[in-house]
Each structure stands twice: as structure tokens, then as C-alpha cells.
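The values are calculated or read from the model by the stated rules, or taken from the named source; none is laboratory data. Values in this document were obtained by computation on a predicted structure and should not be read as measured data. Counting neighbours? That spans all protein chains shown, and the Cβs are built from the backbone with ideal geometry, glycine included. To get the accessible areas, we keep the full protein, side chains included, count just its heavy atoms, and leave off ligands, DNA and RNA. Shrake-Rupley method; radii C 1.70, N 1.55, O 1.52, S 1.80 Å.
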Amino acid sequence: MAGTQLRHIAKWRGEIPIESLYTAGIGGQRFFKALKEKGKLVGTRCRRCHQVFVPSRQFCERCFVELTEEVRAQPDGVIKSFSYAYIDHNGGRLKHPVASALVQLEGATTVMLHRLLEVKDLSRVSIGSRVKAVIKPKGKRIGSILDIEGFRLVE
Amino acid sequence: MTKFMRRALETPKELAWLAAKAALDSAEMKLDQIDGAVLGSAPDAFDGMHMKGEYLADGCGGWRKPYLRCYVGGGTGVYAVAQGWFQVASGLFDTALVVCEEKMSTCQPHPQAAFISIFDPFTEQPLKPNLLWIFALEQNRYMQTHHITLEEIARVSVKNKRNALGHPSAQLGAEITVKDVLASEVMAWPVHRLMVSPTSDGAAAVVLAAGDVARRLTSKPVWIQGVGWCLDTAYWTNRDLYYPEYVEKAAWMAYRMAGVKEPRREINIAEPYDPFAYKELHHLEGLQLAPKGQAPKLLADGVFDRDGDLPVTPSGGLLGVGNPIAAAGTMKICELFWQLRGEAGRRQVPGKPERGVAQAWGDLMQVGTVVVVGTSEPKH
Ligand SMILES: [Zn+2]
């Protein structure tokens, strides 16, 4: 009702008290294993439509066939789009704005989301800019997408 | 269908794809022969993915196709097949792929916690109820109304877990006794642990086709003869829990469509929803396959055994095969498909069954979903 003050009506705080435990899956674990153990970026290639999915997947959504051929992508890639975020997911102002980009790696036909590193000034970035993945040192890799720190512009 | 298991390494998408691919392979079809795809999956919280309809789309063969997710809680697995049937029976599509998936192991520490918010936030949530409370209250009322004993209820667990020993996808097939069931821990009186289905990961799928297409694809199509569903009040405390009216209404909707007038004579095989032992009996009564309060007696007399007069849950059901919610309902449809084609292997019921009914149940324990399938083409 318009004008109703929340403090005058009964209210109750609740939550759904769960956490989620995800698996990378049959397809995804190839990518995360290679990243953690070797610092390499691997995908899988569809023998029918020739898509190269990076990160690797178990099946091709177009052809519905199992993807068994592993392909290695290069850490170098190209920016397909980019942005600079000043607001966090609660609407708060970020102390350190975050630059993000869609990157297509060399050897992949798919595009992935990641961070752009050391970008203080977006005028240096454009669609088509070349970037390179910055991969954490072995001791710090845990098998996470964050084992890639982000992408750095290649001058 | 995939194996039903406690903890799958596969992602939800991968489980869906494995089941969808198995269904297509068994029909000797490719994805490009499918006009539309339907996903059935229960709460987003289980897989830990909001909007899991779109998340699962690729695994369900939904890429660049008319695709949707349907959801009526635990009733989803049977309802989804009806949803696919609408699309084909309406003439819109020649073929539809129906996939049901659930990965409950994602949900930690236990999927039960995801259910707290299905209860009213003011009148019930502060009491910290658990889904088991409803089932315990319902089972108790069912037992007291008809003077049913715990031993009679326990026989369902014994039968279904034994039937599941013949199912290659089963998680909990076992040879157990009534004594074992009654000796298992009480979870919420009168519900004992061995009267409860497990939490599971898995997926199941079926291919639906218009009559003329189906006849081209196979010499022995299984026909969907009728579908029905019904939702009772969400004020669950106001329902008389001793009898599932909503299942009766859903069943009659499906039976009328199928031209079934005397279910007890015209249904040869039944796959009622059995997440709890008493529910199989409760649902058989709702399905008009036993008089009210009489299902336990018929079970004790062997009528529902695999070689009995009316084989019930020859698959092994949720108690034996497992309970990845939506996938469990579709598993029941798969079982009828194999049984009616004589392809159920060790689980095959004798006597060449011609018509079967599958049923699922869920939401706030008040939705009944029913599909009747048979070996002859329906007249509607
Ligand atoms: Zn492909």
C-alpha cells in the first residue's frame, strides 16, 4: 500500500542456507588440469563443425557429438569488446575500477570473459587490440579461472 | 538415461547431454531431426544455477531451437513429457526432445536446506520445519485413517529396492527385509530411513514424434494416450492428507483422454511416484488402482510384484533407482517405454503389457502429474 512504513508492519528475516559445490565436469577438467599443472590453455575441437571450444567442453552443442580431440590455444588473443566498471554488484562505488574484456585466443573459435590488467586509461584499448594472458606462477595455481590473472595489452 | 548416483563428476549440462544423446541414439536420430526441446528440472538451488533453464539448454539440444523449461516441483519429470506432447500433438512440431536433469550433490550441506523457503515466512518458517515433517504427518494420517501398520509400509521399500537390482542405472538396489526397514533410524516418526529415497544426480530423456513420423522411425512405437495434471491448495495443512485428491483428478483427466474407464482392469503396469515408501501406496489409491486404504493389502498379497496381477514400479523406483528429482519422473516414463516394447531385460514383466501409467508428485506436496502410455494409437 502506498505510504506504508515498513517499520510499522510485521517483518521477518530469512535465508536459504545453502552453498553450492560445483564440478568442472568431464569437459572442463581438461582445461583446469592443464592450466594448473602446465600453465597451458586447452580446448576441444568438434570434428564435425570444426568449432574449437576454449575452455574445453565435453560435447558440441551444435552437433551433439562428444569432443575428444584436445587442442592447445595460444595465450595470445584479440579483444572483441571491453568495458570499465565503476560500480560493484550491490551498486556501491568500486575503489579500484575493473576493466573487463571479451578475448578470443589464437587457436580458439570461442570467446572468453576475463580482466584487463594495468589499464588505467581506456583510450589505449580498442576492439581488435592484441592481448596476452598473464598466468600465475605454478605454486599459486589452484585449478581456477583466476589462475589466469588477466590479459595484458601487447604494445 | 544416465546412471543415478550420489555424486557425479559431470556438470549438470553434461548429465543432460548424456541422457539426451542416449535417447536420440536409441531412436537412431540426430539432433537436427528434432524440432523443439523441453527441459524439466526442479529448484534452481539444487544445481546451484539461477535460470538453470538457459544454463542447461545446450545439454538438452536446445541450441537455436524453440526451447523451454517447465517446472512443477517433484511432479516435473512426468509433466515435462506432457509439455513435449502438447507441442507435437498440437501439430506445431513433428518431433520433440524432452530432457529432465537434476544434480542435487551441488547443494550443500544438504538439499533439504533449499526447501526452508517453500514454507510460509510468517506462519511456518520460524518453526524451522523440514520437508520430512510434512511426509511424516501425511504418512501418520494415512496409516491411522486406514489402520495401516509400519510393516505394511516397509514392504514397498523391500519390493522396490529388490526390483532395482535389475536396473543398470540404479543407485540403491538391494535385497533387504521388512525387519531391516523397521530397524533403520527414525527420521521423523513414522518415517524410517529405509522408507526414504536418496538424493541423487542424474538425467533421463525421451524423444516424442507425431504418429506418422513415429511409424516411419520404428515398427513398435509407444503411444502417449493421455496426460493429466492437477494442483491442490498451497495451504497444505488444510488438505486432508490421508488421500491425494489431486492425483485422482489428474489421473481421471489422463484416463478420460486415453479412453480408460476401469483403470484397475485396463492398466497393466504402473509406475507411481515413490520418494517415500507410503507414497507409492497413497498414489496407487489416487490413481484408482486400489480402493482407499486397500493398497497395503494388495501389496502384501503380491498383486504389485513384478510377476503379480498389476506390476507396480518394476523399475525399482525412486527408492531403488534413485531420486534426481525431475529425472526420476522421466525414468518412470522410460521404464514404461522399455516394458511395453519388451525391452526391459531382467526387469521385464510377464504377459506383454499393453498399457501403463506413470505419475509424479511435488510442489508443496500438492501437484499430481500423470501420463498414460500404450502400444496402440489413441483415438483422440
Ligand atoms: Zn560441432
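Counting only residues at least eight positions apart within a chain, or on another chain, the lysines with an alpha carbon under 25 Å from that of B:LYS279 are B:LYS3, B:LYS103, B:LYS128, B:LYS159, B:LYS161, B:LYS179, B:LYS249, B:LYS261, B:LYS292, B:LYS297, B:LYS332.
Could you give the length gained on full extension between B:GLU266 and B:TRP133, defined as 0.36 nm per residue of separation minus the Cα-Cα distance, in nm?
Working: separation 133, 0.36 × 133 = 47.88 nm, distance 3.59 nm.
Residue separation times 0.36 nm, minus the Cα-Cα distance, leaves 44.3 nm.
Remark: the A:GLU118-A:ARG48 segment gains 21.2 nm on full extension, using 0.36 nm per residue and subtracting the alpha carbon distance. Relative contact order of region A:25-153: 24 percent, from C-alpha pairs under 8 Å at least 6 residues apart in sequence.
Of the residues B:VAL38, B:VAL72, the one with the largest accessible area comes first in the ranking B:VAL72, B:VAL38, computed with a 1.4 Å probe on protein heavy atoms. Rounded to whole Å and sorted largest first, what semi-axes of the equivalent ellipsoid does the C-alpha gyration tensor of region A:25-153 yield via the square root of 5 times each eigenvalue? Semi-axes from the Cα gyration tensor: 27, 17, 14 Å. Partners of A:LYS120 within straight-line reach, counting lysines whose Cα lies under 24 Å from its Cα and excluding those fewer than 8 residues away in the same chain: A:LYS80, A:LYS95, A:LYS132, A:LYS136.
Using r as the Cβ-Cβ distance of B:THR237 and B:TRP189, and R0 as 30 Å, what FRET efficiency do you calculate, to the nearest 0.05? Before the final figure, lay out the partial values.
On the way: r = 18 Å, r/R0 = 0.61.
Between B:THR237 and B:TRP189 the formula returns 0.95.
Counting only Cα atoms, the size of region B:220-344 along its three principal axes is 45, 32, 31 Å, in decreasing order. Each residue of region A:22-32 was assigned a 3J(HN,Hα) from its phi angle through the Karplus expression (A = 6.51, B = -1.76, C = 1.60, θ = phi - 60°), giving 9, 10, 6, x, 4, x, x, 5, 4, 4, 6 Hz with x at Gly and Pro.
How large is the helix-only mean residue ellipticity at 222 nm for the protein assembly as shown, computed as the sum of -39500 (n - 2.57) over DSSP H runs with n ≥ 4, divided by its residue count, in deg cm²/dmol to the nearest 500? Intermediate results must be reported in sequence, preceding the final value.
Details: 15 runs with 150 residues, N = 535.
So the calculated ellipticity at 222 nm is -8000 deg cm²/dmol.
Across the alpha-carbon atoms of region B:157-231, the computed radius of gyration and Dmax are 18.8, 54 angstrom. So, in Å, what gap is there between the alpha-carbon centers of region B:18-87 and region B:303-380? If we compute the Cα centre of each part, the gap is 20 Å. Only protein heavy atoms count here; on that basis, with a 1.4 Å probe, A:LEU21 has an accessible area of about 90 Å². Given in Å, the Rg to one decimal and the Dmax to the nearest whole number for the Cα atoms of the protein assembly as shown are 25.8, 83. Based on the alpha carbons, how large is the Rg to Rh ratio for chain B when Rh follows Kirkwood? Checking Rg against Rh, the ratio lands at 0.94. With a cut-off of 12 Å on the backbone N, the residues of region B:10-34 near the modelled label site 7 Å out from B:ARG64 along Cα-Cβ are B:32.
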